[in-house]
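Reviewing the structure listed below.
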Amino acid sequence: ITILYQDEIGGLQVRSNEGEWIDINPSEGTLVVNIGDMLQAWSNDKLRSSEHRVVLKHHENRFSLSFFWCFEDDKVILAPDEVVGEGNKRKYKPFVCLDYLKFRESNERGRFDKVGFTVRDFASIKAQL
């Protein structure tokens, strides 16, 4: 989960299901909450991880304060049966958080090279043909 408090400068955008970038206009006294990949898997796609970016449209200083929270490194991500629902299929195989972070990281600490790769690329259960 990412919790973001924006200033009046704005610039945050999220990608729609159709692939279009949509401006998230700042609103005084509000927080933006982004769901991450691991929570998407844990919810069996009931919650959607949001691809997002910041595009500055004016040459002004921008101040954003964000808070990031993630499961513990050794936590196994598996959607509970109650979340999957009776008669529905599990969309992700169980995985360990640290293994997913290693999948996303390059060898350079803190650098993520697999932009565009998601938890679906890492742990989705492919449909049987």
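The values are calculated or read from the model by the stated rules, or taken from the named source; none is laboratory data. Predicted, not measured: the structure shown is a model, and the values here were computed from it. For neighbour counting, all protein chains shown are included, and Cβ atoms are generated from backbone atoms with ideal geometry for every residue, glycine included. Keep in mind that these areas ignore ligands, DNA and RNA; they rest on the heavy atoms of the full protein, side chains included. Shrake-Rupley method; radii C 1.70, N 1.55, O 1.52, S 1.80 Å.
Restricting attention to region 39-69, the residues that are among the aromatic types (Phe, Trp, Tyr) and either modelled with pLDDT of 90 or more or under 20 Å from Glu20 (Cα atoms) (or both) add up to 1.
For region 89-129, the set of residues classified as at pLDDT 85 or above and open to solvent by 50 Å² or more (accessible area, probe 1.4 Å) consists of Lys89, Arg90, Lys91, Lys93, Pro94, Leu98, Asp99, Arg120, Asp121, Phe122, Ile125, listed by residue number. Among the residues making up region 41-51, those that are closer than 15 Å to Asp81 by Cα and open to solvent by less than 30 Å² (accessible area, probe 1.4 Å) are Ala41, Ser43, Asn44. Scanning region 25-39 for residues that are without any contact (Cβ under 8 Å) to a residue 24 or more places away in the chain and within 16 Å of the chain's Cα centre (by Cα) yields nothing.
Mind telling me which of the residues Glu86, Glu72 ends up being acidic (Asp, Glu) and either surrounded by 12 or more Cβ atoms within 10 Å (Cβ to Cβ) or modelled with pLDDT of 90 or more (or both)? Please lay out each step first, then the result.
Details: Glu72 fails: either surrounded by 12 or more Cβ atoms within 10 Å (Cβ to Cβ) or modelled with pLDDT of 90 or more (or both).
Only one candidate passes the filter, namely Glu86.
Out of all the residues in region 1-46, which are part of a loop (DSSP other than H, G, I, E, B) and charged (D, E, K, R)? If the condition is that a residue be part of a loop (DSSP other than H, G, I, E, B) and charged (D, E, K, R), then Asp7, Glu8, Glu18, Glu20, Glu28, Asp45, Lys46 are the ones that fit.
I'd like to know if region 6-20 contains one or more residues that are polar (S, T, N, Q), over 17 Å from the mean Cα position of the chain (by Cα) and surrounded by fewer than 11 Cβ atoms within 10 Å (Cβ to Cβ). Step through it out loud before you land on a result.
Of the residues in region 6-20, the ones polar (S, T, N, Q) are 6, 13, 16-17.
Within this subset, residues satisfying the condition of being over 17 Å from the mean Cα position of the chain (by Cα) are 6.
This time we only want the ones that are surrounded by fewer than 11 Cβ atoms within 10 Å (Cβ to Cβ), so: none.
No - not one qualifying residue is present in region 6-20.
Arg53 meets all of the listed conditions (1) within 30 Å of Ile125 (Cβ to Cβ); (2) assigned to a loop (DSSP other than H, G, I, E, B); (3) not aliphatic (A, V, I, L, M) but one, namely (2).
Confirm whether Val55 is under 27 Å from Leu101 (Cα atoms), of a type in the set (A, V, I, L, M, F, W, C) and loosely packed, with under 11 Cβ neighbours inside 10 Å. Spelling it out, Val55 is indeed under 27 Å from Leu101 (Cα atoms), of a type in the set (A, V, I, L, M, F, W, C) and loosely packed, with under 11 Cβ neighbours inside 10 Å.
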